[in-house]
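As structure tokens, the structure follows; a few thoughts come after it.
The values are calculated or read from the model by the stated rules, or taken from the named source; none is laboratory data. Predicted model, so just to flag it, every value in this text is computed and none were measured. Note: ideal-geometry Cβ built from the backbone for every residue, glycine included; neighbour counts use all protein chains shown. For accessibility, only protein heavy atoms count, side chains too; no ligands or nucleic acids. Shrake-Rupley method; radii C 1.70, N 1.55, O 1.52, S 1.80 Å.
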Amino acid sequence: MATIKDIAKKSNVSTATVSRVLNNDDSITVLEETRQRILLAAKELGYQTIHQRRKQQSESQKNNPGIGIISCQTVEEELNDPYFISIRQGIEEELNKQGINKVGSYRLNDMLTVPHDLLKMDGLLIIGRLGEDVLKQVTKHIMNIVYINYVPDEELYDSVTIDFEKSTKKALQHFIGLGYKRIGYIGGVEREHLKQQKVISEDKRLTTFENMIKNGEFEGSEDIYIGEYTMSHGYELMKKAIKKKNVPKAFFVASDPMAIGALRALQEAGLSVPSDVALIAFDDIEAARFSSPPLSTVKVYTKEMGQTGVKLLMDRMNGRKLPVKVTIPTSLVIRQSCGYHL
């Protein structure tokens, strides 16, 4: 980095003269030719005054804001189901693409109180469901917030989500189209974690399934099994269904890891998929393609959800006031497990 001494040597004047010229000291009298020589030397050497450096730093901070990422899942939940990890990967990739490196990661279940450094962030991306207590604390300090995979109040906050109801109907209607009259359900529970408290929240996949039964679209009210969103719980719940005898010929399973566990339970019981029991899952994680047989599943574009969340946040921080809700479409991926392969 160039110094005042370097400029003085290049322009053949004293360091005091250079300092006073560069700092616009009106009390000094120098020839205009000397002043221009000093300014030219400073420019050629790439010298910046303290004022210029502070201005550049301020602009840099403005262009590289602090972004906080809150994960509303425990580490165990993320490890058991790659769904939320993929969302976070999408966020991190987009932040990196936009040159934003001032990023703080927080996990809701680790918070006894909201961390002080989080409240200093310029924007916040929340993966999952944030409780009202924390939300009130955060919104006092941070105006720019985007929710991903949850919509708390679309008139106040930006959000990126999928239509769980439409996605579930798409899978179940495919079963109905294949002639299945009775369908089972295996799913987990979604929770809010705070101060060691776990509050169970509504799962649209389950409520959609139940509503379709009420509407007479198929039978299955006695074939609903709820546990945790893990492979082991999918395995145990399917074993429970098998023990009841008269197993439904089709099951909608609310996550791929649970479906992989359920598939193992069926195979251990000597039941063939899809000949004896057909399966449609939810997420389309990489393992779904490599299970035996490969899983039919609702594909959720989780990485794109994370990337879209970052773009919404940047747009919001650039002055947009009107809240925006983005619904990312899903697609039904047909493989062998559902009994019909394209």
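For Met143, state whether it is farther than 29 Å from Arg205 by Cβ, open to solvent by less than 40 Å² (accessible area, probe 1.4 Å) and not polar (S, T, N, Q). The answer is no for Met143. Just one residue in the set Asp158, Asp81 is surrounded by 15 or more Cβ atoms within 10 Å (Cβ to Cβ), touching a residue at least 60 places away in the same chain (Cβ under 8 Å) and more than 26 Å from Ile285 (Cβ to Cβ); that residue is Asp158.
Can you tell me which residue in the range 323-342 is least open to solvent (accessible area, probe 1.4 Å), limited to those that are assigned to a loop (DSSP other than H, G, I, E, B), under 19 Å from Ser275 (Cα atoms) and hydrophobic (A, V, I, L, M, F, W, C)? Per the criteria, the residue is Ile334. In the set (1) within 22 Å of Gln307 (Cβ to Cβ); (2) modelled with pLDDT of 80 or more, the condition left unmet by Lys120 is number (1).
Out of the helices (runs of 4 or more DSSP H) lying entirely within the range 165-280, which hold 1 or more residues that are within 24 Å of Gln336 (Cβ to Cβ), out of contact with any Phe, Trp or Tyr (no Cβ under 6 Å at 6 or more places or on another chain) and open to solvent by less than 70 Å² (accessible area, probe 1.4 Å)? Quick ask: steps written out before the conclusion?
Working: elements: 204-214, 231-243, 256-268.
Filter on the range 165-280 gives 231-243, 256-268.
Rundown of residues vs (1) more than 30 Å from Asn64 (Cα to Cα); (2) free of Cβ contacts under 8 Å to residues at least 40 places away in the same chain; (3) of a type in the set (Asp, Glu), yes/no style:
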| site | (1), (2), (3) |
| --- | --- |
| Ala278 | yes, no, no |
| Ala287 | yes, yes, no |
| Gly309 | no, no, no |
| Gly319 | no, yes, no |
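Let's see how each residue does on (1) polar (S, T, N, Q); (2) modelled with pLDDT under 95; (3) more than 23 Å from Gly187 (Cβ to Cβ):
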residue: Gln307; (1), (2), (3): yes, no, yes
residue: Val310; (1), (2), (3): no, no, yes
residue: Ser331; (1), (2), (3): yes, no, no
residue: Gly339; (1), (2), (3): no, yes, no
residue: Leu342; (1), (2), (3): no, yes, yes
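Which numbered condition trips up Glu93, out of (1) modelled with pLDDT of 90 or more; (2) open to solvent by 80 Å² or more (accessible area, probe 1.4 Å); (3) farther than 24 Å from Pro329 by Cβ? Glu93 satisfies every listed condition except (3).
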